[in-house]
Amino acid sequence: MRIQVKGRNLPVSDGLKEHVVKRFRKVSRQVSELAELEVEVFEERNPAIADSQVAEATLHLKGVTLRARDASPDMVHSINLCAEELSVQVKRHRDKRRKRREARAAAEPALEPQELASGAEPEELESGAGTEELESGAGTEELESGAGTEELQTGIGPEELQSGVSPAA
């Protein structure tokens with residue numbers, strides 16, 4: 001994980017950078033090497049605000065951006081709070097992704113018994129061939145010969161078509 005430490009109207013010392021790397025080590029183990037973390041530290045200038053030391057962390061992951069912002073009277077404590085908050089968010093995000101992946105994996109094998117019961121080959125189902133049989137209930141012999149297509153389109157059987165009598169509604 002790449003880490004950038006920025007100071008807004010505040011110099012960033014090497015000790016502060018080392019502390020940020022140390023505190024976000026837990027997060028870096030849970031995310032990809034391609035993830036980018038931006039930590040911005042600054043001081044609120046308003047004397048009425050007691051928690052003037054602020055740390056903001058933005059973690060850019062593949063497809064999602066996680067943010068944390070914490071303030072306290074001490075900059076080191078603000079960084080610690082921010083790291084903990086971001087760690088919880090990363091854990092929640094990883095669990096959510098894992099559940100989605102498991103749900104998709106569980107849904108795929110559920111389709112196999114249905115495919116086998118229909119008698120269609122898996123290659124036919126992937127290419128889209130044989131779906132008419134599943135939807136209409138017509139046999140493969142009827143679909144190949146073209147018989148039964150009139151019934152599917154009009155709802156009239158072949159016998160009624162030849163005799164010219166429409167079905168009673």
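Nothing in this text is a laboratory measurement; each read-out follows from the coordinates by a stated rule. Since this is a predicted model, take the numbers as computed values, not measurements. Quick reminder, even Gly has a Cβ in these numbers, built from the backbone with ideal geometry, and neighbours come from all protein chains shown.
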Filter on LYS17/LYS62; LYS6/LYS96; LYS22/LYS96; LYS62/LYS96; LYS6/LYS91 - keep pairs with C-alpha separation over 23 Å: LYS17/LYS62; LYS6/LYS96; LYS22/LYS96; LYS6/LYS91
Nonlocal amide H pairs with VAL31, under 5 Å, H built at 1.01 Å: none
Taking 0.36 nm per intervening residue step and subtracting the Cα-Cα distance, what contour gain separates ALA50 from LYS6 on full extension? 13.6 nm
Taking H placed 1.01 Å from N in the peptide plane, check which residues at least 5 places from GLY7 or on another chain put their amide H under 5 Å from its amide H. VAL41
Selection from GLN53, VAL39, GLY63 lying farthest towards where the dipole of the stretch 2-105 points positive, charges on Cβ: GLY63
Residue-count net charge about ALA50 - beta-carbon cut-off 13 Å; Lys, Arg +1, Asp, Glu -1: -4
Once label points are set 7 Å from the Cα along Cα→Cβ at both LYS99 and LYS22, what is their separation, rounded to one decimal in nm? 3.6 nm
Treating only the Cβ atoms of Lys and Arg (+1) and Asp and Glu (-1) as charged, compute the dipole magnitude of the stretch 2-105 about its Cα centre; round to the nearest 20 debye. 1020 debye
